[in-house]
Every structure is written in structure tokens, then in C-alpha cells.
Amino acid sequence: MKILISNDDGIHSAGLWTLASHLNTIGRVTIVAPDREQSATGTSLTLRHPLRVGKVTSHVGGIECWATEGLPGDAVILGLERVMEKPVGLVVSGINNGPNVGDDVLISGTVGAALQAYLRNIPAVAVSTFNIESNNHETPARLAAIIAADIASGRLSGDIFLNVNAPDIPLDRIKGVRLCHLAHKTHIDTVKEGHDGRREFYWLVRRKLDSEAAAGTDIKAIEEDCVSVTELHADLFRKPPIPGLEVLCDEWFGRLTSSSISR
């Protein structure tokens, strides 16, 4: 299976390379990612000027790696339409440092990159860890490889667009993998004021949620030390879930904490 990896944190992101090293055990991986940090760009695309793509040295043996001008969605489109040979079996975006949960998925560059694969009928997975300063990428990377193995084997099939968020804790403290729905909450709803000596300015910032999330939501799963798996669609809130996905989430937890990944 050919796997395309991209992200919104840029080609030098540590999470990108941890993800690549794990997915490289499942299929033939190619990386096409923005040449710089492009967080919170959502589903934006570059339509008003040309884009350049350059090959860069890979940190993982056997993986071709390309850096692109533009946005996360641009990188996936370029990867699928120009860099990789078809067919591509899976696109994984991440690992993002910082949560992509609740209403924030609508502005997430990580999710926006995965969306471009989903719109082309290619299975897509967006992967994030809950702490902006996290160095704990092994758990979400390992789960991404488990999901990729099930897609490669046909155990997971259908209209696949998954959003995965892992709490920033060691694997031995993870209590489960839960199939969730999006919380109706956002982290980016705080405005700070400032003054540069000439005029006022405003800064939109994240804040920690100060109220408990509803049961069954992605944020609630994180609060309870579980990995959240949310099924997304072009209409984001569609139900019911993919047949068998909830059962697989329970199984994934067992495989996540085992010594090996099996198809």
C-alpha cells in the first residue's frame, strides 16, 4: 500500500518523522509536507500564485520526502496529483502538536490536509497529540500504524475519514481507544488586547477549557486518559459510524499496548 504523509507543522516537525517511521513498517511511505509551520489554516488552498516543490533529505531510510510551498491542503493535492504514482491507499496527516477536537477541527490544518484525500475517495486519518509542547509521539504514531494495517488488510474499509487525538501521557497510562463524536466546544475563543506604542491590536489565543465536556465526546475521552477516534465526513456530523468501527476501537487498545503490530 502506498501511503502519503503530510502535516501542518512543517517538514521539520518531530511528530511527522515519528509517524513516518511507524507507517514505514506498514506500506511504502512518501512525505509531502509544507516547508514551514502552517497551523490553523483549515481547508484553505493556494489559488492565486504558483507553488514550488523540492526534494529534501529524509530522516528515515527508504522514504522519499518533498517540501512544498503553500498550505497543508496544497501539499496533499500536490502529493496525490504530481509526486506519487497511483493508486495511493492512505493519507495520514500529523502528528500535530496540540489538540484538534470539538469545533476546532473546522480550522485545523491537520484535518484540512486529510480532507483533500477524503474528497478524492482515499482513506484519510488526521493524528494529533493533546499538548502543544508534547514530545510524546509514540502512542499516536503506533495507533496510526495499527489503523493503517487494518486498512491495508481490508479489515477497515468504506468511507474512511478519521480524526485521532491522543492524551499527552505515556502508553502505560492510556485507558482505552474510544469512538467519539465532536464536542461542541472550541479552544480558540479568547481575545487578548495589546498596544504597540502607536495603536491597539488584538490576538486570538487558545485557552484551557474550563467546563467538563459531555459524555461520548472527543474532549471527554481525552479528559479520561483515552485516545479519541472521531469519524468525520464532508458533513462532519453524519451518523451512523462505519460498521464495525466501534468494535475495532476496543481491539486497537489491546494491540496498542501489546509488543507488536499485527495485520
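Observations
- Packing order of peptides 94-104, 47-57, highest average first: 94-104, 47-57 (average count of other Cβ atoms within 10 Å over each peptide's residues).
- Kirkwood hydrodynamic radius (C-alpha pairs) into Stokes-Einstein, region 3-105, 37 °C and 0.692 mPa s, D in µm²/s: 240 µm²/s
- Accessible area per residue, Å², region 98-224 with all protein chains present, probe 1.4 Å: 47 Å²
- Each other residue within a Cβ distance under 13 Å of Gly42 adds +1 if Lys or Arg and -1 if Asp or Glu, for a net charge of -4.
- Kirkwood Rh in Å, taken over the chain so that all alpha-carbon pairs contribute: 18.4 Å
- For the chain, carbon and sulfur atoms together expose 51% of the accessible surface, with a 1.4 angstrom probe and every protein chain in place.
- Span-rule helices in the chain, defined as complete DSSP H runs reaching 20 Å or more along the axis (Cα) with Kyte mean at least -0.5: 138-153
- Each Cα pair under 8 Å and six or more residues apart adds its separation to the average, and for the chain the resulting relative contact order is 18 percent.
- Sequence of Phe130, Phe161, Phe201 from largest to smallest accessible area, 1.4 Å probe: Phe201, Phe130, Phe161
- Whichever aspartates and glutamates have a C-alpha closer than 15 Å to that of Lys175, once near sequence neighbours (fewer than 8 apart) are set aside: Asp218, Glu223, Glu224, Asp225, Asp250, Glu251
- Per residue accessible area of region 26-85, 1.4 Å probe, in Å²: 54 Å²
- Theoretical gain in end-to-end length, Val247 to Ser44 [0.36 nm per residue, Cα-Cα removed]: 69.7 nm
- Leu204-Asp172 pseudo-label distance in nm [points 7 Å out on the Cα-to-Cβ vector]: 4.2 nm
- Top of Arg178, Arg120, Arg28 by mean-square fluctuation, Gaussian network on the chain, Cα under 10 Å: Arg120
The values are calculated or read from the model by the stated rules, or taken from the named source; none is laboratory data. All of these numbers come straight from a predicted model, not from anything done at the bench. Counting neighbours? That spans all protein chains shown, and the Cβs are built from the backbone with ideal geometry, glycine included. Each accessible area value is taken on the protein alone, full model and side chains, heavy atoms only, with ligands, DNA and RNA left out. Shrake-Rupley method; radii C 1.70, N 1.55, O 1.52, S 1.80 Å.
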